[in-house]
Structure formats: C-alpha cells, structure tokens
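Structure first, then comments.
The values are calculated or read from the model by the stated rules, or taken from the named source; none is laboratory data. None of the values given here were measured: they were computed from a predicted structure. Glycine also receives a Cβ, built like all others from the backbone with ideal geometry; neighbour counts cover every protein chain displayed.
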Amino acid sequence: MRRLVIFLLMPLCLQLNTLAQEVYNVCQNALTICPNQLYTLNNIAANKTSCVNCEDDFAYCFVPDNTIWLTFTTNNLGGNVSIDFSNLIFEANAGQDNELQAALVQATTPCAANTYTQIGSCHSNETNNFSLTAAGLLPSTTYYVIIDGDNNGAGITSPAECTFDLQISGPGVDVIQPASAVFTQNTAVCANEIVTFTCSLTDCPDTSDFSWFINGTLAATTQDAFFQTTSLQDGDIVSVSNTCYSVCPIEVQSTSAMMSVTTIVVDAGLNITIPSGTTTQLNGSTPAPNFSWSPPFLVSDPGALSPFTTPTETTTYALTAEQNGCSNTDYVTITIDDSLEIPNTFSPNGDNINDSWEIDGLELFPDNQMQIFTRWGQKVFQTTAYSKLKMWDGENHAEGVYYYILDLNDEYGTQYRGTITLIR
C-alpha cells in the first residue's frame, strides 16, 4: 500500500490550529485519487462557492459550508467502489462543529451543480471511520467526491474542520497491474559490440518514456521500447523503468540477466621511425591464442608477435587477436625518415673502407643516445651524442646481425630501431 500525504506546511507565525487553504478547495482543482493509495487530507480553511449552479449549489443529505473536492475515473469495466475515511481529527475551536459530511456525484458538465447526480451513499454527521459506497458505476467515467464540515446544532458558530485519511478501492477502479521484461538475444557478447535490449510490456496502456540503466546508472531515455549500447563490460546488468496509465500512473521495472562480455587485450607496440631500407622488429603482445599481422606480405611471419619488416614507405600495421568468437585490433605505424642515412652493414677489417658504423646527419641531434645489442639481447655498445668521434667499430665482436636503438631525444621523441650486419 502506498501512502500519499497531502498538506501544506504552516508558517511558524500562525497559530498551530491554522492551515493554509488546500488547492482542492475548488472543484476545478479537484484532487485525483488513485486506487489503493492512502491519502491524508483536510478541509481546514475551505469555503463555499455561492452562486446559482456553481459547484456548491446543491443539497443532498447535507448543505455545503466548506467543501473540498476529489475526483476519480472508473476503469474500462466499471463496478462497485468504496471510499474509506479513517483517523478523523477535528479542529477543536470554540463554537466549531465536529462532524464530517460526504457525497459522491456524477457531473455531466464538470463542476456545474445543475448537472450533478448524487450516486450511492451520502453521509452527514460522521465523527468516526466511515465509507462512501456505490454499486455499478459506469466504465471509464469521471466522478467527484464532495467532503464538507457540518455546521448545525446548538451553540455552533463555524463548520467542522477535519484532517483524515482516505482510500478508494473496489472492482470499479482497480486496474490490472502492468508488468515488463527486458531481454537481449545473447547475454554473451564481445567488448564494443552493439547490443540491443528490448522491453516487453503487458497490461500497460499510455506508456511513458523508457529509462535505461546500466548497473543502476542512467544510460539513456528512449521513446521506443529498445536500447542499444556498445559500452558493456563483463558482469554488467541492464534495467529499464517506465510508467503505465496516464492517470494514476504505475511504475514498472525489469532487469536483464548478467552480461558476459569478452574483452580481447591486444597491443601492437609503439610507433617508431626508421630510415629507408632499414629492417626493424614489430613488438606486439596479447594473451589471446590466435593473432595475426596485416598486411601479411610485409612481415617475416604474420603469425608471430614480433616479426621483422623492411618497409619502403611509412606503413601502418594491424595486429588482430581472436578468442571465443571475439576479436580486437591495435595499430602501429612505422615512419620512414630520410633525414638520416643509417647504413645496415659495415666491415671493420682494417682496410680503411667502411671500418666503422657511420651515420650521416646525426650531428644535427647532439642529444642522441645509441644502444647496440646482440641477437640474444646482450648490450655491447652504448653512448650519448653518437657521432663520427664516437662511432662503433665492432670492437672484437663476431660478425653477424646486431640490433640498435637510436633515440634522437628531439621534441617529437623520435626513435629508430633496426639491424646492423657486421662483416669481417
């Protein structure tokens, strides 16, 4: 049971028994009451509208003095209703009455008294819990509840003012509780895959917009009953909420199953710059069991994580990894730079021809750093400011292939990697 408390806070400077007039003192502002909700209401400071055929120009089992107005609409079947009053608390001022009065009416023209028809029971002089009842109300029809304070009896100078609880129920106003279910075609998906969630509704007329949540955080609001996302992570739960019925809305919510999202980690390595004609090594990594490089014809082994390549122009390589039907791709660019001439061979044999590994143009980068390694990763040479004064002559190392890393330490962070063949 939901409880709706309706009252206005009174200014501290007023007496405790004085409240501001409620908006539903006027028929045009009649408060819509919904089935099986508990309302706390009052007719304190209410008044009577006095004119021919105005809202208060009626006489049933009571004559109005300080009316308040409620309204409800029957469902599409109609039937019996009961409007239950409880917890009556009367104002206790000198000369003030302490009896409540109530009637149920149907109005052909809203709030025009000459079109009223009094329906069901009518109550006057109530001091304790009571119920307005009516049988066989018409389907999809609006009715009004009029509540008034009695103003009759010896020594009575002002009508009763009362705070009370009220609830309407019965087959004439009850509605079928709507329901929703959210589903997707597959709960096992790949990271960054477009996944569509659909909300299926039953017994839900006049639906509102749909609010979609991922793990309780609002992700989107849609007018249609579906939602697409590429942002799911493993273990995420998607839920949706909306309201049914434009009058007396009922909120419905539903939640998807936990999502299983496969994420493929793949890293193609750092972008590097090499001189034209230089062989370099790609350095990819992934825990996935299946992977390959493309374009495959430019690498020594497309199925290896660290193949060699000798691009003739600036080239972007793609490393694609696959697992459980999912794939992910990362890219690395090898830039060809002709500003330096880095030879890939030298022959320190003492004939004074190509005896040292000389790099033309490196004098423009005095902050450079050079490292040279064997094929097994053992460092055999290192220096800063590599130049013609600090050239590697192979020392006493055996002939074969060596690897170098040259950092220019320029503003772009340019780095060269490649191979040198030492020939005796």
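Every listed requirement among (1) hydroxyl-bearing (S, T, Y); (2) at pLDDT 90 or above; (3) over 27 Å from L319 (Cβ atoms) is met by S339 save one, (2).
If you go through the stretch 58-106 and keep only what is among the aliphatic types (A, V, I, L, M), over 18 Å from E22 (Cβ atoms) and out of contact with any Gly (no Cβ under 8 Å at 6 or more places or on another chain), you end up with A59, V63, A92, A94, A103, V105. Tallying residues that are hydrophobic (A, V, I, L, M, F, W, C) and either closer than 22 Å to L340 by Cβ or surrounded by fewer than 19 Cβ atoms within 10 Å (Cβ to Cβ) (or both) within the stretch 262-304 yields 9. Within the option set L137, L100, L77, being in contact (Cβ under 8 Å) with a residue 40 or more places away in the chain, closer than 21 Å to T40 by Cβ and either among the aliphatic types (A, V, I, L, M) or touching an Asp or Glu at 6+ places or on another chain (Cβ under 7 Å) (or both) holds for one residue only, L100.
So, in the stretch 309-330, how many residues would count as being in a strand (DSSP E or B) and within 13 Å of I272 (Cβ to Cβ)?
Taking the stretch 309-330 first, the residues in a strand (DSSP E or B) are 309, 315-323, 326-330.
Keeping just the survivors that are within 13 Å of I272 (Cβ to Cβ) gives 309, 315-317.
Of the residues in the stretch 309-330, 4 are in a strand (DSSP E or B) and within 13 Å of I272 (Cβ to Cβ).
Every condition in (1) in contact (Cβ under 8 Å) with a residue 40 or more places away in the chain; (2) part of a loop (DSSP other than H, G, I, E, B) is met by D301 except one, and the failing one is (1). One residue is enough: does the stretch 315-323 have a residue meeting the conditions over 21 Å from D267 (Cβ atoms) and not assigned by TED's automatic domain parsing to the domain that holds D393? Scanning the stretch 315-323 turns up no residue that is over 21 Å from D267 (Cβ atoms) and not assigned by TED's automatic domain parsing to the domain that holds D393. Among the residues of the stretch 104-157, the ones that are over 17 Å from V81 (Cα atoms) and exposed (fewer than 13 other Cβ atoms within 10 Å of the Cβ) come to 8 in all.
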